[in-house]
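The values are calculated or read from the model by the stated rules, or taken from the named source; none is laboratory data. The structure presented is a predicted model; accordingly, all values stated were derived computationally and were not measured. In this analysis, Cβ positions are derived from the backbone assuming ideal geometry, glycine residues included, and neighbour counts consider all displayed protein chains. When the accessible area is computed, the model is the full protein with side chains, heavy atoms only, and any ligands, DNA or RNA have been set aside. Shrake-Rupley method; radii C 1.70, N 1.55, O 1.52, S 1.80 Å.
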Amino acid sequence: MAFLEPLDKNLHPDLADDFQIFEEILGFVPNSLLTMQRRPDIVKGFGELTKAVMPKDGEVHLGFKRLIAHFASRAVGCQYCEAHSLVAAKIHGISQEKLDQIWEYQTSEVYTDAERVALDYALAAGSVPNAVDQELVDRMKQHWTENQIVEILGVVCLYGFLNRWNDSMATDLEESPKAMGERVLSSGGWTGGKHL
């Protein structure tokens, strides 16, 4: 059970445009933002950062950015964001087959070498202490431009905020991320934890 209850999404009409950003990403307004709206400027600021990190015209595929978010969240154990990011990945073009093989990303033929190293990078960048080293950056540079590396790290950092927020609030998991977690992540030990 959440430590603070989400508030009604119509409580602050001036947040409608901000909430719309997340309805497009997930298909619904997440409980994290409904809790966060107790301080509307945080929602607005987070919406602006999300638009900057996840632009439609970025160099890194939007769906793949959601896989980056998943691995960064996995590194810190935020089960809320682990499930959410996979729902968003599917909405933004990642196949269910690729999602179903996420635990086997290192060996599965549905993942490219470029994707593998980027997911390794997300795990390392999301870890505490940080595990990014020169060897990993050199591997990244074999597959990704400097601009793309900045986009990828931006996703890790964006989700660093969400990981801390949702685990500290024990944000209740909504139905579609819960179903995705049960389908894709439970075989790797995902339970939903404090978010159910």
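Out of the residues in the stretch 133-157 meeting the condition of being of a type in the set (A, V, I, L, M, F, W, C) and farther than 27 Å from Trp190 by Cβ, tell me which one is most open to solvent (accessible area, probe 1.4 Å). Spell out how you get there, then give the answer.
Start the filter on the stretch 133-157 by keeping residues that are of a type in the set (A, V, I, L, M, F, W, C), which leaves 136-137, 140, 144, 149-150, 152-153, 155-157.
Checking which are farther than 27 Å from Trp190 by Cβ leaves us with 137, 144, 149-150.
Numbers: Val137: 39, Trp144: 34, Ile149: 27, Val150: 105 Å².
Per the stated criteria, the residue is Val150.
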Identify the single condition in (1) open to solvent by 20 Å² or more (accessible area, probe 1.4 Å); (2) part of a helix (DSSP H, G or I) that Asn130 does not satisfy, given that it satisfies every other one.
(2)
The lone exception for Val117 - which of (1) open to solvent by less than 20 Å² (accessible area, probe 1.4 Å); (2) within 27 Å of His195 (Cβ to Cβ) it fails:
(2)
Condition test on Glu48, is it open to solvent by 50 Å² or more (accessible area, probe 1.4 Å) and either in contact with a Cys (Cβ under 8 Å, 6 or more places away or on another chain) or free of Cβ contacts under 8 Å to residues at least 40 places away in the same chain (or both)?
yes
Which residue out of Asp138, Asp120, Asp100 is more than 20 Å from the chain's Cα centre (by Cα) and either of a type outside the set (Phe, Trp, Tyr) or within 26 Å of Phe22 (Cβ to Cβ) (or both)?
Asp138
Expected single match for among the β-branched types (Val, Ile, Thr), part of a helix (DSSP H, G or I) and surrounded by fewer than 18 Cβ atoms within 10 Å (Cβ to Cβ) among Ile21, Ile42 is Ile42
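Quick check on the stretch 133-158: of everything there that is not in a helix (DSSP H, G or I) and not polar (S, T, N, Q), which residue is farthest from Ile68 (Cα to Cα)? Outline the logic, then answer.
Pass one, the stretch 133-158, residues not in a helix (DSSP H, G or I): 133, 142-145.
If we keep only those that are not polar (S, T, N, Q) as well, we get 133, 143-144.
Numbers: Asp133: 18, His143: 15, Trp144: 14 Å.
Step by step, filter the stretch 133-158, then rank; the result is Asp133.
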